[in-house]
Amino acid sequence: MPDIVLLAESGRVSGTRESRRLRRAGRIPAVVYGHGIEPIPVSVDARDLRVALGGEAGSRALLSLRVGRDSHLAMARQLQRHPVRHTVTHIDFQVVARDEVVTAEVPLLLTGEALAVHRGDGMLDQELQSVPIKAKPADLPPHLEFDISEMEIGDSIRASELALPAGVELDIDGDSVVVIAHPPRIAEAAPAEEGEAVAGEEGEAGAAGGTAGAGDDGSADDR
């Protein structure tokens with residue numbers, strides 16, 4: 001798959017005011033760094049960025065970042081987003097080499113349907129929505145999949161059981177739980193049953209008190 005070309009303008013002035021001006025003009029403040037180059041403040045067109053990162057690879061897309069006359073092989077890192085609108089407000093581009101191993105978070109998708117769990121009124125809990133992996137930039141998969149069709153209540157899937165494409169390694173403890181099938185929750189005791197138990201205890205206490213009273217009367221007569 002060819003690299004995605006993204007144009008970046010250098011000469012960006014640092015500062016909050018300038019960053020706001022760029023965003024109003026439809027541009028996103030960014031910085032380019034890595035492989036021994038001095039960090040370069042740049043800006044990219046917001047629409048072009050959405051297109052570049054909107055494919056199947058998402059933020060793991062391999063970019064041909066054009067800065068003036070230079071072209072850098074880069075990946076998007078550290079996307080900062082607006083807390084309400086969730087639009088990108090700043091982005092870091094890391095320069096990479098095709099033959100180097102990089103790390104990235106990839107989404108984990110569950111496929112199939114755990115019928116045995118559902119029939120037993122169990123519940124599936126996906127502990128990890130994504131997993132960190134290591135691979136060369138071109139080998140990074142858009143996501144990882146796991147078929148849960150054979151899962152039963154009490155089963156758990158660990159990271160080491162995920163099928164990985166060639167050239168991809170996990171960057172997480174293999175014992176990390178990915179998804180677990182919980183048994184159905186035990187219903188809490190009904191309040192009426194608790195009330196009956198309390199009433200029974202009070203009845204027993206009353207009977208014991210009556211017996212003790214009778215003994216006291218007898219003792220008085222003996223005197």
Practice prompt. State the answer as a single residue: which of Leu115, Leu144, Gly167 lies farthest towards the positive end of the charge dipole of segment 104-182, with beta carbon charges of +1 for Lys and Arg and -1 for Asp and Glu, about the Cα centre.
Written response: Gly167
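Between Leu109 and Arg77, 0.36 nm times their residue separation minus their Cα-Cα distance comes to what? The partial results should precede the final answer.
On the way: separation 32, 0.36 × 32 = 11.52 nm, distance 2.19 nm.
Contour length minus the Cα-Cα distance gives 9.3 nm.
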Worksheet item: Can you give the translational diffusion coefficient of segment 94-174 in µm²/s, computed by Stokes-Einstein from the Kirkwood radius over Cα pairs at 4 °C and 1.567 mPa s?
Response: 92 µm²/s
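Take the alpha carbon atoms of segment 139-185, find their radius of gyration, then divide it by 2.2 N^0.38 Å using N residues; give the quotient. Walk me through the numbers before you get to the answer.
Values: Rg = 12.5 Å, N = 47, 2.2 N^0.38 = 9.5 Å.
Expressed relative to 2.2 N^0.38 Å, the Cα Rg reads 1.32.
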Discussion item. Placing +1 on the Cβ of each Lys and Arg and -1 on the Cβ of each Asp and Glu in segment 26-97, which of Gly26, Leu62, Val96 has its Cα farthest towards the positive end of the resulting dipole?
Written reply: Gly26
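Given a Förster radius of 45 Å and the C-beta distance between Asp155 and Tyr33 as r, what FRET efficiency does 1/(1 + (r/R0)^6) yield to the nearest 0.05?
Working: r = 44 Å, r/R0 = 0.98.
Once the sixth-power term is evaluated, E becomes 0.55.
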Item to complete: Report the residues of segment 138-152 in range of a label on Glu56: point 7 Å along Cα→C-beta, backbone N strictly under 17 Å from it.
Response: 138-146
Worksheet item: In segment 69-124, which GluC sites (Glu not before Pro) fall in coil by DSSP and have 13 or fewer other Cβ atoms within 10 Å?
Response: Glu100, Glu113
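May I ask you to derive the FRET efficiency for Gln129 and Arg98 from their Cβ-Cβ distance with R0 = 25 Å, giving the value to the nearest 0.05?
On the way: r = 29 Å, r/R0 = 1.15.
According to the calculation, E is roughly 0.30.
Taken together, the values in this text are just the output of simple stated rules run on the coordinates, not laboratory data. Treat the numbers as computed from the prediction; the structure is a model and nothing was measured. Quick reminder, even Gly has a Cβ in these numbers, built from the backbone with ideal geometry, and neighbours come from all protein chains shown.
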